[in-house]
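**Q** Can you keep this structure in mind? I'll have questions shortly.
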Amino acid sequence: MINIVLFGPPGAGKGTQAEKLKQHFDLIHLSTGDIFRANIKGQTELGNLAKSYIDKGQLVPDEVTIDLLKSEMDKYPDTKGFIFDGFPRTTAQAEALDKMLAEKGEKVDVMVALEVPEEELKKRLMARAEVSGRTDDADPEIIQNRINVYKKETAPVKDYYAGKGKYVGINGVGSIDEIFNKLVEEINKHI
Ligand code: ADP
C-alpha cells in the first residue's frame, strides 16, 4: 500500500493537491474536513457534534475523529492506499493512525507538508469564503483561531514524522502544477 499524509495549515491547498495526487497515484482521498461537512449537510448526529467545534475554529475531539477515520478506512479494504488530508491533526491522532495501519501490516510512507506564510493563508481563506460558503472561512476571528490551533496542536505532528525521517516540507506558494510536480517528486522518493 501507499499511504501519504498531506499536511499544512488551513488554506495551504491540501484539498486541491489531494485531488490531483489521488488521480496520479490511484489512491483513496480521505479528508476528515470533507467527511464532517457531509455529515453536517446530512444533519447526522456526528455532523451536529462536529459543527459545534468547527464553527468556533476548534478541533473535533480526538476520539470522535479517530473512530470516524477508522470506519472510513474500513470501507476500502482493497485500495492501493490512501491520501490522508486534514488527518492526523494531533499527536494522539498520528499515534492512532500508526496503530490502525500496523494492524493491517502497513505504515505511513511519507508526510508531505505545504508551507505557506500566514498572511497568504488569511488572504486565501477569505477569498475561498466567497465561493465555498464555508462559515469557518468567512470570519477573520475564526480564521485566526484555526491558525492558532494549528500552531499549538497540529504543528507538533510534524516533529512526530520528522523523528521517523518521514517529513518533507514543500513550498506551497506557486502555481498548482508547480507544487503538484514537487509533491510527486518527493513522494516518489519514499514509496
Ligand atoms: P482547513 O484545512 O481549511 O482547516 P478542513 O476541511 O481540513 O479545513 O477542516 C475543517 C475543520 O474540521 C477544522 O477546523 C476542524 O474543526 C475540523 N477537523 C477536520 N479534521 C480534523 C481532525 N483531524 N481533527 C479534529 N478536527 C478536525
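Only the coordinates and a few stated rules stand behind these numbers; no lab work does. For clarity, every value in this text was computed on a predicted model and none was experimentally measured. Ideal geometry is used to build each Cβ from the backbone, glycine not excepted, and the neighbour counts take in all protein chains shown.
**Q** Just the number, please: Stokes-Einstein D of segment 48-191 in µm²/s, Kirkwood Rh from C-alpha pairs, 25 °C, 0.890 mPa s.
**A** 146
**Q** Return, ordered by residue number, the residues of segment 13-44 whose backbone nitrogen is under 18 Å from a label point located 7 Å along Cα→Cβ of LYS123.
**A** Within reach of a label on LYS123, which here means backbone N under 18 Å from a point 7 Å along Cα→Cβ, segment 13-44 contributes 13-14.
**Q** Quick one: putting +1 on the C-beta of Lys and Arg, -1 on the C-beta of Asp and Glu, what dipole do you get for the chain around its Cα centre, in Debye to the nearest 20?
**A** So the dipole magnitude of the chain works out to roughly 80 debye.
**Q** Another one. How high is the FRET efficiency between LYS75 and ASN145 when r is their beta carbon distance and R₀ equals 25 Å, given to the nearest 0.05?
**A** On the way: r = 32 Å, r/R0 = 1.27.
That pair, LYS75 with ASN145, gives E of 0.20.
**Q** Please go through the residue pairs LYS14/LYS166; LYS51/LYS80; LYS22/LYS99; LYS20/LYS51 and name each one whose alpha carbons sit more than 26 Å apart in this structure.
**A** Too far apart for the 26 Å limit: LYS51/LYS80; LYS20/LYS51.
**Q** Here's another thing I want to ask about it. Set Lys and Arg Cβ to +1 and Asp and Glu Cβ to -1, take the dipole of segment 138-181 about its Cα centre, and tell me which of PHE180, THR154, PRO140 lies farthest positive.
**A** Positive-most Cα among the choices belongs to THR154.
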